[in-house]
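Below: one structure, written as C-alpha cells.
The values are calculated or read from the model by the stated rules, or taken from the named source; none is laboratory data. Everything quoted here is computed from the prediction, not taken from an experiment. Cβ sites come from the backbone with ideal geometry, for glycine too, and all protein chains shown count toward neighbours. Quick note on the areas: whole protein, heavy atoms, side chains included, nothing else; ligands and nucleic acids left out. Shrake-Rupley method; radii C 1.70, N 1.55, O 1.52, S 1.80 Å.
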Amino acid sequence: MNTPIHQQWSSRLAFILAAMGSAIGLGNIWKFPYITGDNGGGAFVLVYLICIFLIGFPIMVAEILIGRRTRKSPVGAMESLAQESNQSKHWKILGWMGIFAGFIILSYYSVIAGWTLSYIFRALGGVFTNLYQLFGQDTAQYTDAIVKVETSFLGNAEALLAWHTIFMVMTMVVVARGVKSGLETAVTTLMPLLFILMLFMLVYAFNSPGWEKGFHFMFNFRFEDLTWKSILAAMGQAFFTLSLGMGAIMVYGSYLPNKVSIINASFIVAFMDTLIAILAGLVIFPLVFTFGLETNSGPGLVFETLPTAFGQMQMGVLIGGIFFILLLFAAWTSAISLIEPAIAWLVENKGMSRVKASVLSGTITWFVGIATVLSFNLWGHIKYQNQNILDWLGFLTDKVMLPLGGLLIAIFVGWLVSTKITREELGFKDNHLIYILWLLSVRFIAPIAVLIIFIFGILSTFNLIG
Ligand code: PHE
C-alpha cells in the first residue's frame, strides 16, 4: 500500500460528525420543508423516507467504500478502484463529474447561505419585530412589509454578492486549514451546537398552538398529491440531502480510519440526517400554522413566511436569530464538503498546498455564484419554461447530476468491483445477511428505482407525461 497523501479523521466520531455536517445543511432545513409544503406534505415525506433508506443509504455505503479503499480524491479513487477491478480507467470521469457538480452546487449554495447570514442580523436587529409593531394591526400590510424586506434584499445585487463573498471566505478558511485543524475542528464545534439549537427550536414549536396542525401536515398521507414530478423531487432530495452522487461523501470516506465500520457509520449519518429534516419540518410548520400562514410559499418559506411569524411572536428576536444561526451552521459544514473533492484532487495531482487549492477552487466557485446572484435581479427575466437560472442549476444538479452519479456508483460497486473487495471493505468474513441485502440494493433495487424515477420524472418535468 502506498502512503496516503491526505490526513485522516482522528476518530470514528470525527468522521460521523463530518459526514453528518455534510449531509445536514440547507437541504434539510431550508429545502426539505418547502418541497414538502409544495408537494402536499405527508405522502411526499413517505416517498422521501423510502428513497433515503432503499436507495440513498446503500449508495452512501458504496461511496464511502470507494473512498476508503483507495484513500484518494474522487477522480483518483475511481481510477484506482477501476484498475484494481480490471475495469476501464475512464470511470474516473465520474470523479470529474463530481468535482464539477460540487462547483455548481456550492456556487448557488453559497448565495443562499449568504442570504441566511444577512437574515441573522435582520432577525437579531429586530427588523421583523419592528415591522410588526408598525403594521401589525393590518395583516396584509404587515405581510407586504416583510416581503418587501426580502425583495429589496434580493433586488440588490451588490448586497447579495457581498454576503456570498463572506460565506465563500468562511468556507475557504476552514478547508485551507486541512482535514484535522480545519474540517474536523469545524464539525466538532458546530454540530453539537446545531443539535442544541434545534432542540431549543423544537421545544418552542411543540408549545405553540399550531403544533398539532403542523404535525398532521407532515404525517397525513394524501396520495392524490403524488405525481411523478413529486417522486422525482423526493429522490433528488434524498441524494442532495445525503450529499451523494458527487464525491463529497467519497472524499470524506477516503479519510476514514480502517477499523471503522462503514455500514454502522453510514446508518447513523443517514438516520440523523433524516431526523433533522423531519424535525426542521416539525419546527417550521407549527409556526406557520400558529400564525395562519401559507405552507406552499416555496423557497420563501424560510425567508418570508418564518420571518412573518418571528415578527409577531414573543421573544421573536431571539427565536428568529437562533433559527438563522442554526441554518448558517448547517450550511457551513456542508459547504466545506462540497469543495473538498476539488481540494483533494489539486493537492494530490498538482502538488498544491491546501491554502492555494482552497483559494483557487473558492474563487472559481465564487465566480460561478455570480450567475445565481444575478438570477434574483438583473438576470431575473431570463427564464426557460418559467424557471430562472437558479431553478435550472438546481434541476441540473439535484435531479440530473446527483441521481446519475449515484446510479453509476451503484452499478460500478455492485457489478464491476469484486465481491471479495466489497466484502472485505465492509468487514464481512462471509455472506452475512446484511451484506447480501446491501448487494441486492446496489445491484438491483437502487439502479432500477433511480432509472425509473429519473426517466418518468424528466418526462413529466418537460410536460411530456401527466
Ligand atoms: N447535503 C447538503 C444539504 O442537505 C448539500 C450537499 C449536497 C452537500 C451534495 C454536499 C454534497 O444541504
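Return the residues of segment 110-146 that are farther than 24 Å from GLY369 by Cβ and β-branched (Val, Ile, Thr); say none if nothing qualifies.
Hits for segment 110-146 are VAL127, THR129, THR139, THR143, ILE146.
Filter segment 426-466 down to residues that are of a type in the set (Phe, Trp, Tyr) and open to solvent by less than 60 Å² (accessible area, probe 1.4 Å), then give me how many there are.
4
Return the residues of segment 353-371 that are closer than 29 Å to LEU242 by Cβ and either modelled with pLDDT under 95 or small (Gly, Ala, Ser) (or both); say none if nothing qualifies.
Matches in segment 353-371: ALA357, SER358, SER361, GLY362, GLY369, ALA371.
Considering only segment 402-425, how many residues are closer than 14 Å to ILE59 by Cβ and open to solvent by less than 30 Å² (accessible area, probe 1.4 Å)?
12
When the residues of segment 244-261 are filtered to those that are β-branched (Val, Ile, Thr) and crowded, with 22+ Cβ neighbours inside 10 Å, which remaining residue is nearest to the ligand (Cβ to nearest atom)?
Looking at the filtered set, the residue picked out is ILE249.
Right, ALA145: exposed (fewer than 15 other Cβ atoms within 10 Å of the Cβ) and free of Cβ contacts under 8 Å to residues at least 24 places away in the same chain or not?
On the way: exposed (fewer than 15 other Cβ atoms within 10 Å of the Cβ): no; free of Cβ contacts under 8 Å to residues at least 24 places away in the same chain: yes.
In short, no.
Among the numbered criteria (1) within 15 Å of the ligand (Cβ to nearest atom); (2) buried (at least 16 other Cβ atoms within 10 Å of the Cβ); (3) closer than 30 Å to GLN87 by Cα, which single criterion is violated by LEU393?
It fails just one condition, (3).
Each row is one residue, and each column tells you yes or no for (1) free of Cβ contacts under 8 Å to residues at least 24 places away in the same chain; (2) within 14 Å of ALA309 (Cα to Cα); (3) in a helix (DSSP H, G or I).
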{"residue": "THR129", "(1), (2), (3)": "no, yes, yes"}
{"residue": "GLU150", "(1), (2), (3)": "no, no, yes"}
{"residue": "LEU160", "(1), (2), (3)": "no, no, yes"}
{"residue": "THR171", "(1), (2), (3)": "no, no, yes"}
{"residue": "VAL175", "(1), (2), (3)": "no, no, yes"}
{"residue": "ILE196", "(1), (2), (3)": "yes, no, yes"}
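Output the residues belonging to segment 225-243 that are β-branched (Val, Ile, Thr) and either open to solvent by 20 Å² or more (accessible area, probe 1.4 Å) or over 16 Å from LEU26 (Cβ atoms) (or both).
THR227, ILE231
When the residues of segment 162-175 are narrowed to those that are surrounded by 18 or more Cβ atoms within 10 Å (Cβ to Cβ) and among the hydrophobic types (A, V, I, L, M, F, W, C), which ends up farthest from ALA357 (Cα to Cα)?
TRP163
Given the residues GLY102, GLY95, which is the only one that is closer than 25 Å to LEU451 by Cβ, part of a helix (DSSP H, G or I) and within 13 Å of the ligand (Cβ to nearest atom)?
Details: GLY95 fails: within 13 Å of the ligand (Cβ to nearest atom).
After applying the criteria, what remains is GLY102.
Within segment 284-296, work out how many residues are open to solvent by less than 10 Å² (accessible area, probe 1.4 Å) and either at pLDDT below 90 or within 16 Å of the ligand (Cβ to nearest atom) (or both).
Qualifying residue count for the region: 1.
Considering only segment 3-15, I want to know if a residue exists there that is within 16 Å of the ligand (Cβ to nearest atom), over 21 Å from SER441 (Cα atoms) and in a helix (DSSP H, G or I).
Within segment 3-15, one or more residues are within 16 Å of the ligand (Cβ to nearest atom), over 21 Å from SER441 (Cα atoms) and in a helix (DSSP H, G or I).
Results for (1) modelled with pLDDT of 95 or more; (2) within 16 Å of the ligand (Cβ to nearest atom); (3) under 26 Å from GLN7 (Cα atoms); (4) more than 20 Å from the chain's Cα centre (by Cα), shown as yes or no for each residue.
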| residue | (1), (2), (3), (4) |
| --- | --- |
| ALA159 | yes, no, no, yes |
| MET170 | yes, yes, yes, no |
| ALA176 | yes, no, yes, yes |
| LEU194 | no, yes, yes, no |
| MET201 | no, no, no, yes |
| SER208 | no, no, no, yes |
| HIS216 | no, no, no, yes |
| GLU224 | no, no, no, yes |
| ALA233 | no, yes, no, no |
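Identify the residue in segment 346-355 that is more than 17 Å from SER181 (Cβ to Cβ) and of a type outside the set (A, V, I, L, M) and, among all such residues, is nearest to the ligand (Cβ to nearest atom).
My answer is GLU348.
Looking at MET97, MET60 in this structure, which one is surrounded by fewer than 22 Cβ atoms within 10 Å (Cβ to Cβ), under 27 Å from TRP392 (Cα atoms) and in contact with a helix residue (DSSP H, G or I) (Cβ under 8 Å, 6 or more places away or on another chain)?
Of the residues listed, the single one that is surrounded by fewer than 22 Cβ atoms within 10 Å (Cβ to Cβ), under 27 Å from TRP392 (Cα atoms) and in contact with a helix residue (DSSP H, G or I) (Cβ under 8 Å, 6 or more places away or on another chain) is MET97.
Given the residues GLN83, GLN141, GLN137, GLN87, which is the only one that is modelled with pLDDT under 95, polar (S, T, N, Q) and touching a helix residue (DSSP H, G or I) at 6+ places or on another chain (Cβ under 8 Å)?
Matching residue, one of GLN83, GLN141, GLN137, GLN87: GLN141.
Being open to solvent by less than 10 Å² (accessible area, probe 1.4 Å) and among the hydroxyl-bearing types (Ser, Thr, Tyr): is that true of TYR119 here? Give the steps one after another, and end with the answer.
On the way: open to solvent by less than 10 Å² (accessible area, probe 1.4 Å): yes; among the hydroxyl-bearing types (Ser, Thr, Tyr): yes.
Taking the combined requirement at face value, the residue satisfies it.
Of these, LEU54, LEU26, LEU17, which one is farther than 19 Å from GLY405 by Cβ and either among the small types (Gly, Ala, Ser) or open to solvent by 10 Å² or more (accessible area, probe 1.4 Å) (or both)?
It is LEU17.
State all residues of segment 38-50 that are away from the ligand (no atom under 15 Å from the Cβ) and either over 15 Å from PHE221 (Cβ atoms) or open to solvent by less than 10 Å² (accessible area, probe 1.4 Å) (or both); if no residue qualifies, say none.
ASP38, GLY41, GLY42, ALA43, PHE44, VAL45
For (1) under 18 Å from the mean Cα position of the chain (by Cα); (2) buried (at least 24 other Cβ atoms within 10 Å of the Cβ); (3) within 13 Å of the ligand (Cβ to nearest atom), each residue gets a yes or a no:
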site: GLY298; (1), (2), (3): yes, no, no
site: GLU304; (1), (2), (3): no, no, no
site: MET313; (1), (2), (3): no, no, no
site: PHE323; (1), (2), (3): yes, yes, no
site: ALA331; (1), (2), (3): yes, yes, yes
site: SER337; (1), (2), (3): yes, yes, yes
site: GLU340; (1), (2), (3): yes, yes, yes
site: ALA344; (1), (2), (3): no, yes, no
